[in-house]
Ligand code: FAD
């Protein structure tokens, strides 16, 4: 969209005096302000972000950006000038310290105040850290959430360094893949019985365990971290089984928590994140929430999704409703992970599955999750076709016969008509 002339802008501003404010300039916040304008909102729009950089995509931070295969410019969701061109007041490097829903006013960390008519909270999530009592505050101990974390890690991952990864979820596994690719000696410990224990079936975990071991990662399951050791800088780790190892770098990937601090202090309803209704509205009628920080309803349960797809789709629904519409958010979960030369694509949510069926067609591999005979999720490894067709089936509530799914000669697309 080309920049509008000043006269048009002045007329527009007099026609809509409302002020739309979005807190959190990440994936959801950036999507939401763009959608507000696309919906024809003519009022003032302000996007406030604690980070000093314009909104960017996080997934490459543990993938192509960290390996050095993606430059900084390509991380950016939009060039910074786009916000001015669309008359969006982008305030970076400024956190929102307090929210007063009764007065409809925010106080920023620099002491300024901002009034709003309609507010969206897109504050994302915060990584869980190890407590200082077990060495979590030593130098050389990293988490992976934002650009500064990725830059610090990129400097630390030099060939020959001994790297300990704590946690075998997606962030830990992706970090292990990058560290191994960069020539580090990598040990990964997972306290649970297997990697991806919270998010994927044993079959998917088996695939990634084998992949990491084939790339030289010393992957240890059922082994927690007792403590990190060192004087100032981390130099060692004691594992749950008593083993002591020498390390130069530790990467902590033990999950995230929704960033609800602002909402909680303001008295909003918090339940597994900032609770929202079908229209992404919080317990306050003037405040919406979207992305990692927000929980929503899915098949009768209150869930929270930590994914780009959720941030985008939820933010778009929130924007439509803030603009005066009545859209409902129906999560259609999807996710991906890149490790070495394997692209994992996930459609649906596998919660409560009671059967997993394996389809192997040449190099392509996919795992199909069923609950009470209903297809609910698919993990596809280097198999974009299985992912796309599985996603369509899940969304259309088509549950093909598992016998046909596992048959490598079966035409998956034909099963869409099942
Ligand atoms: P964020 O993008 O985290 O943005 C929230 C922003 O709000 C932050 O910039 C924060 O500083 C700001 N903020 C918080 N509080 C305040 C405040 N009080 N005042 C002002 N600003 C505030 N998802 C996938 O689907 N696929 C992947 O492969 C994938 N890989 C990932 C890899 C990494 C390393 C990470 C960290 C995440 C990954 N994700 C992936 C998850 C995905 O990036 C997130 O789900 C998505 O970014 C959520 O968007 P969001 O806008 O809710 O939060």
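The values are calculated or read from the model by the stated rules, or taken from the named source; none is laboratory data. Remember, predicted model here, so these are calculated numbers, not experimental data. We place every Cβ from the backbone using ideal geometry, glycine too, and count neighbours over all the protein chains shown.
Of all the numbered requirements in (1) surrounded by fewer than 15 Cβ atoms within 10 Å (Cβ to Cβ); (2) in contact (Cβ under 8 Å) with a residue 40 or more places away in the chain; (3) in contact with a strand residue (DSSP E or B) (Cβ under 6 Å, 6 or more places away or on another chain), residue 114 misses one, and that requirement is (1).
Among the residues in segment 274-288, are any crowded, with 18+ Cβ neighbours inside 10 Å, within 13 Å of the ligand (Cβ to nearest atom) and in a loop (DSSP other than H, G, I, E, B)? For segment 274-288, residues crowded, with 18+ Cβ neighbours inside 10 Å, within 13 Å of the ligand (Cβ to nearest atom) and in a loop (DSSP other than H, G, I, E, B): present.
Can you find a residue in segment 361-370 that is under 29 Å from residue 280 (Cβ atoms) and crowded, with 19+ Cβ neighbours inside 10 Å? Steps first, answer last, please.
Of all residues in segment 361-370, those under 29 Å from residue 280 (Cβ atoms) come to 369.
Those left that are additionally crowded, with 19+ Cβ neighbours inside 10 Å: 369.
Yes, some residue in segment 361-370 is under 29 Å from residue 280 (Cβ atoms) and crowded, with 19+ Cβ neighbours inside 10 Å.
Starting from segment 238-266, take each residue that is at positive phi and list its partners that are at pLDDT 95 or above and away from the ligand (no atom under 16 Å from the Cβ), counting only C-beta distances under 9 angstrom and pairs at least six apart or across chains. Sorted first by the residue in segment 238-266, then by its partner, the pairs are 242/226. Consider residue 350 carefully, then state whether it is within 18 Å of the chain's Cα centre (by Cα), more than 10 Å from the ligand (Cβ to nearest atom) and within 30 Å of residue 215 (Cα to Cα). Yes, satisfied.
Surrounded by fewer than 22 Cβ atoms within 10 Å (Cβ to Cβ), on the phi > 0 side of the Ramachandran plot and either within 16 Å of the chain's Cα centre (by Cα) or assigned by TED's automatic domain parsing to the domain that holds residue 228 (or both): which single residue out of 192, 197, 167, 183 fits that description? Of 192, 197, 167, 183, the one residue that is surrounded by fewer than 22 Cβ atoms within 10 Å (Cβ to Cβ), on the phi > 0 side of the Ramachandran plot and either within 16 Å of the chain's Cα centre (by Cα) or assigned by TED's automatic domain parsing to the domain that holds residue 228 (or both) is 183. If the condition is being out of contact with any strand residue (DSSP E or B) (no Cβ under 9 Å at 6 or more places or on another chain) and either outside any loop (DSSP other than H, G, I, E, B) or within 14 Å of the ligand (Cβ to nearest atom) (or both), then segment 121-145 contributes only 132.
Go through the residues of segment 44-62 one by one and say whether even a single one is part of a helix (DSSP H, G or I) and at pLDDT below 95. Looking through segment 44-62, none of the residues is part of a helix (DSSP H, G or I) and at pLDDT below 95.
Of 114, 126, which residue is within 24 Å of residue 274 (Cα to Cα) and out of contact with any helix residue (DSSP H, G or I) (no Cβ under 9 Å at 6 or more places or on another chain)? Reasoning before the result, please.
Details: 126 fails: out of contact with any helix residue (DSSP H, G or I) (no Cβ under 9 Å at 6 or more places or on another chain).
None of the other options fit; the residue is 114.
Taken together, 292, 338 contain a single residue that is part of a loop (DSSP other than H, G, I, E, B) and near the ligand (Cβ under 10 Å from one of its atoms), which is 292.
Looking at 102, 54, can you tell me which residue is more than 15 Å from the ligand (Cβ to nearest atom) and under 22 Å from residue 116 (Cα atoms)? First the steps, then the outcome.
Details: 54 fails: more than 15 Å from the ligand (Cβ to nearest atom).
Sole residue among the options that is more than 15 Å from the ligand (Cβ to nearest atom) and under 22 Å from residue 116 (Cα atoms): 102.
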